[in-house]
Amino acid sequence: MQKLCDLCHGGKAIATPDNKAWQKCPLCGGSGEDSALDQYTYVIPFVYGANAYIPANQQNAPLSVQIGMGLDFECYFWNVQASGVFSATVSDGGRQYAFSNAPVHQNCGFGDAQNPALMVLRHIFRKNSSIAISFNELSGANNYGQFAFIGKNRKPAA
Ligand SMILES: [Zn+2]
């Protein structure tokens with residue numbers, strides 16, 4: 001059920017300031033309803049974690065993070081932690097868009113928990129798409145790598 005306008009309470013009109021006439025409610029435009037509810041978009045802080053095993057000297061080891069829960073994901077930061085050195089290419093799997101033209105060394109493109117890498121231009125990964133990561137192991141040993149994509153789940157206005 002539609003919520004009623006806070007000003008006219010569904011009456012669609014209010015008295016003029018001098019109380020001598022009626023005017024169309026300026027808050028709801030005469031609909032009598034609170035249309036702000038229709039535009040309501042809620043956001044929830046969320047982190048997508050991604051854990052990878054990266055065999056020694058492995059090139060292009062793939063990892064895919066599913067964007068779930070029927071909500072778009074707006075990414076603010078990405079952080080990384082690993083037991084050895086690697087480079088990686090991160091892509092928006094839904095749009096098939098890579099965020100670099102070549103693999104980026106973990107110390108260059110990705111922050112850590114102390115110094116998160118801020119995405120100055122926040123990126124929205126669409127619901128039911130994915131974040132795709134391609135790892136290149138650089139240390140010569142088997143390693144584990146963890147990404148954290150920190151942001152908000154968003155419910156688009158209907
Ligand atoms: Zn109204």
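Miscellaneous remarks
Conditions tested, residue by residue: (1) small (G, A, S); (2) modelled with pLDDT of 90 or more; (3) assigned by TED's automatic domain parsing to the domain that holds N51.
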| site | (1), (2), (3) |
| --- | --- |
| P103 | no, yes, yes |
| N115 | no, no, yes |
| A132 | yes, yes, yes |
| E137 | no, yes, yes |
| F147 | no, yes, yes |
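- Some residue of region 75-88 being in contact with a Gly (Cβ under 7 Å, 6 or more places away or on another chain) and farther than 14 Å from Y48 by Cβ: yes
- Unique residue being of a type in the set (S, T, N, Q), on the phi < 0 side of the Ramachandran plot, in a strand (DSSP E or B) and touching a helix residue (DSSP H, G or I) at 6+ places or on another chain (Cβ under 7 Å) when the list is S91, S87, S134, S100: S87
- Taken as a whole, the structure leaves V43 outside the set of residues that are under 19 Å from I131 (Cα atoms), touching a strand residue (DSSP E or B) at 6+ places or on another chain (Cβ under 7 Å) and not polar (S, T, N, Q).
- Index of the failed condition, G32 passing every other in (1) more than 16 Å from the ligand (Cβ to nearest atom); (2) over 14 Å from A132 (Cα atoms): (1)
The values are calculated or read from the model by the stated rules, or taken from the named source; none is laboratory data. Computed from a predicted structure; not experimentally measured. So basically every Cβ, Gly included, is an ideal-geometry build from the backbone, and we count neighbours across all protein chains shown.
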